[in-house]
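The structure appears right after this line, and notes come after that.
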Amino acid sequence: MPSLAQLDHAHVWHPFTQMKDWLRREPVVITSGRGAVLCDARGREYLDANSSIWTNLHGHQNASINAALRRQLKRIAHSSALGLANEPASRLAGQLVKIAACRGPRPGHPSSASTRPLLQKVFFSDDGSTAVEVALKLAYEFTRRMRGPKARPRFLSLRGAYHGDTVGAVSLGHIDLFHKAFAGLLFKADEVMAPYCYRCPFNRAKPGRADARTTRQCHWECVGKVEQALAGQKKRGEPYAAFVFEPLMQGAAGMIPQPSGWLPQVTDLARAHGALLIADEVMTGFGRVSTGGTESGPLSRKATPARTPLTACSSEGVQPDFLCLAKGLTGGYLPMAATLTTQAVFDAFLGEYEEFKTFFHGHSYTGNQLGAAAGLASIKLLESRGSVTARARLQAVLEESLKSLWALPNIGDIRQTGLVAGVELVKDWRTREPFLLRERMGARVCEAMARRGVLTRPIGNVIVLMPPYCTTPGQARRMVEVLHESVEETVAHKVRAFRGEL
């Protein structure tokens, strides 16, 4: 085993990893990367099929971001944001406010954009968890200041929600596997049904060979459940302080996409019942799920940057009170996050020094100049016509390639939104019967993919494909081909083992 792998085994504790399993095999030690390709310590190359855990937008060693970082390094790498300002962070805040501006109501939706709050203030932090934690604390204190100090703010989030690993963000989550161990540290947050069309008890459509959103037969019962929860809490005398959601697609829940129209309906209901809106776009932001396509097709070739929203909320005509951004904020180069909010929330924290109305929260690397410089360069790339065209082309190639997987009997659902795809493995598509988590089917398929030169990470039995935007059509097709081969190999091996043939 190479010395780097030995050092890792000796000293590194990896996140979300059963270390007993990890220590049984030699790890892949990444030493370099370029574009959508990663290289390890043994000289092997891999396609980065999950954008280095959903962060890398433009590929590794992007020339524009590299140049921006070199320019910034010639000036300063970091100075405190506690009592000081800096140029890159100020400019980045202005760009984020422009990106977050809702372009008006979704076609056919009655909501009026003029009644929605503008996101004008930006609080920088370090990662997705802290971005959500900031929104949570701000919403909590804002609610107390608006309703009175005796108010007991309560939050509503979706079933299967994951919003991060800090204590407040964990409290908003509803994945027992992640959160049960810390139950004694957490506050209570209520959960409500998420629109998981493939496994929705109200979906009367039979299992088929198409995205379950496109064949669903229901009466929006999932929207009714949200309205019921909101109305129930309001009837108890204190409306929810905020409704927290990932727009368009829930990531760690298993890449659960929302059918078109769900988001504006439930957010209108939340507002009507007095709740603020906290949009967690840590994964979905910066064009990841909003390339301009729909459930039935990709972006038009005539699309322009001005018509291609970079936030999931904007693509559905929804303007939240808090917008949480991270992961792709710096193009996958540096840890940085931002929480955007309204002038009204900001004003609630204004006062004389002795009133102590300050927001008592902060981070040592808030507004870091290197991160901000990378973020500015990334946004410039995202808004270029070339990037918009490349994203639309990649979405179309991915969509077409994924169709080949329907031929496999162990593919239950293929759900793609923009440049995110979740492929759910089942024992038989006709019954939707899932593999047990202890069977490690998702992990085994990803291990087989790694042997073929494609790296990604499963969410239970869901295989995630989330390529960098620079991925070529040939590379995208190869990712899907390898997934196809790996499912065939892994499931066939399991069947033979069950029959005693191995």
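Quick one: of Lys137/Lys357; Lys225/Lys427; Lys188/Lys225; Lys188/Lys234; Lys206/Lys403; Lys150/Lys357, which pairs are farther than 21 Å apart, Cα to Cα?
Lys225/Lys427
What order, most packed first, do the peptides 4-13, 450-459 have when packing is the mean number of other Cβ atoms within 10 Å of each residue?
Most protected by this proxy first, the peptides run 450-459, 4-13.
If packing is taken as the mean number of other Cβ atoms within 10 Å per residue, what is the order of 217-227, 169-179, highest first?
169-179, 217-227
Run the quick spin-label model on Leu4 and Lys137: label points 7 Å from Cα toward the beta carbon, then report their separation in nm to one decimal.
Spacing of the two 7 Å Cα→Cβ label points: 3.7 nm.
Which lysines have a Cα lying under 20 Å from the Cα of Lys327, excluding residues fewer than 8 positions away in the same chain?
Straight-distance partners of Lys327: Lys98, Lys121, Lys380.
Starting with the fewest neighbours, write out Lys121, Lys20 ranked by other beta-carbon atoms found within 10 Å of each beta-carbon.
Lys20, Lys121
Could you list Arg209, Arg154 in order of exposure, starting from the residue whose Cβ has the fewest other Cβ atoms within 10 Å?
If I rank by nearby Cβ atoms, fewest first, I get Arg209, Arg154.
Under a point spin-label approximation (7 Å from Cα along Cα-to-Cβ), what is the Ser90-Trp22 distance to one decimal in nm?
The two pseudo-label positions are separated by 4.2 nm.
Helix-derived [θ] at 222 nm for the chain: sum -39500 (n - 2.57) over DSSP H runs of at least 4, divide by residue count, nearest 500?
About -10500 deg cm²/dmol.
Just in the range 349-397: which GluC sites (Glu not before Pro) are loop by DSSP and have at most 12 other Cβ atoms within 10 Å?
In loop regions of the range 349-397 (DSSP not H, G, I, E or B), the sparsely surrounded GluC sites (Glu not before Pro) are Glu352.
Please report the spacing between the Cα centers of the range 398-435 and the range 168-189 in Å, no decimals.
Here the two parts' Cα centres lie 30 Å apart.
Considering the convex hull of the alpha carbon atoms of the range 18-76, report its projected area averaged over all viewing directions, in nm², one decimal.
Mean orientational projected area (the range 18-76, Cα hull): 5.8 nm².
Relative contact order of the chain, please, whole-number percent, based on alpha carbon pairs below 8 angstrom and at least 6 residues apart.
Once normalised by length, the contact order is 21 percent.
Would you please put 329-335, 81-87, 463-469 in order of how densely packed they are, using the mean number of other Cβ atoms within 10 angstrom per residue and starting with the highest?
Highest-to-lowest ranking by the protection proxy: 463-469, 329-335, 81-87.
Mind giving me the nanometre distance, one decimal, between the label points for Ala210 and Thr358, set 7 Å out from Cα along Cα→Cβ?
Spacing of the two 7 Å Cα→Cβ label points: 5.9 nm.
Sort Met255, Met146 so that the residue with the fewest other Cβ atoms within 10 Å of its own Cβ comes first and the one with the most comes last.
Sorted ascending by nearby Cβ count, the order is Met146, Met255.
What is the diffusion coefficient of the chain in µm²/s, taking the Kirkwood radius over Cα pairs and the Stokes-Einstein relation at 10 °C with a viscosity of 1.306 mPa s?
Rounded to a whole number, D works out at 67 µm²/s.
Given 25 °C and 0.890 mPa s, compute D for the range 379-502 with the Stokes-Einstein relation, Rh being the Kirkwood radius over Cα pairs; round to the nearest whole µm²/s.
Reported coefficient: 161 µm²/s.
Values in this text are rule-based calculations from the coordinates and carry no lab data. Quick caveat, the model's predicted, so the values are computed rather than measured. Cβ: placed from backbone, ideal geometry, glycine included. Neighbour counts: every protein chain shown.
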